[in-house]
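Colleague: Got a structure here, written out as structure tokens. Questions coming.
The values are calculated or read from the model by the stated rules, or taken from the named source; none is laboratory data. Treat the numbers as computed from the prediction; the structure is a model and nothing was measured. Positions of Cβ are backbone-derived with ideal geometry, glycine not excepted, and every protein chain shown enters the neighbour counts. Heads up: the accessible areas ignore ligands, DNA and RNA and are worked out on the full protein's heavy atoms, side chains in. Shrake-Rupley method; radii C 1.70, N 1.55, O 1.52, S 1.80 Å.
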Amino acid sequence: MGPGSKVFYALGTFLALIAVFYILATTWIGDDAYLFGIEWVGSVGLVLATALSFMLAVYLDFTERRMDIVPEDWEEAEIEDGAGVLGFFSPHSIWPFAMSGAIFFLGLGVAFWQLWLVAIGAVLLIWTTTQLNLQYGIPREKH
């Protein structure tokens, strides 16, 4: 088990204990404002945060078991041990900026509940995402 999964297992355990304490504490208050004596928003939030932490922990546990030891987990590692190709990043692509503009229009449409703006933002986001994925697959024009 790697350090990433250990962190999320510990966080999930902590959140589970806090959720149990929170549910018991709000039940014992006995206020009539709560349905069945439980404060539902905080309880559901803590239970969902616990579930998310354990989901991430299990994912990281499965992933870390299939990997070799990375330099970040090796105590005697030097900075040079982590050097190498990290991936290909397009140096001059306009599409991430265009995608953020489409998300901006989509967010404005949701914030002001203008469905025409939501539709335009969704269409722009689909188009810009497609262009980002195909920018090196479409051949350049010969003219």
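Colleague: Can you confirm whether Ala98 is farther than 30 Å from Val70 by Cα, touching a Ser or Thr at 6+ places or on another chain (Cβ under 9 Å) and outside the structural domain of Pro71 (by the TED database)?
Modeller: Here the answer is yes, as Ala98 does meet what is asked.
Colleague: Let me ask something else. Can you pull out every residue in region 124-143 that is open to solvent by less than 100 Å² (accessible area, probe 1.4 Å) and over 15 Å from Ser93 (Cα atoms)?
Modeller: Within region 124-143, Leu124, Leu125 qualify.
Colleague: Now for a separate question. Counting only residues that are in contact (Cβ under 8 Å) with a residue 40 or more places away in the chain and in a helix (DSSP H, G or I), which one in region 67-108 is farthest from Leu124 (Cα to Cα)?
Modeller: Selected residue: Asp73.
Colleague: Within the bounds of region 33-56, is there any residue that is free of Cβ contacts under 8 Å to residues at least 60 places away in the same chain, among the acidic types (Asp, Glu) and open to solvent by less than 50 Å² (accessible area, probe 1.4 Å)?
Modeller: yes
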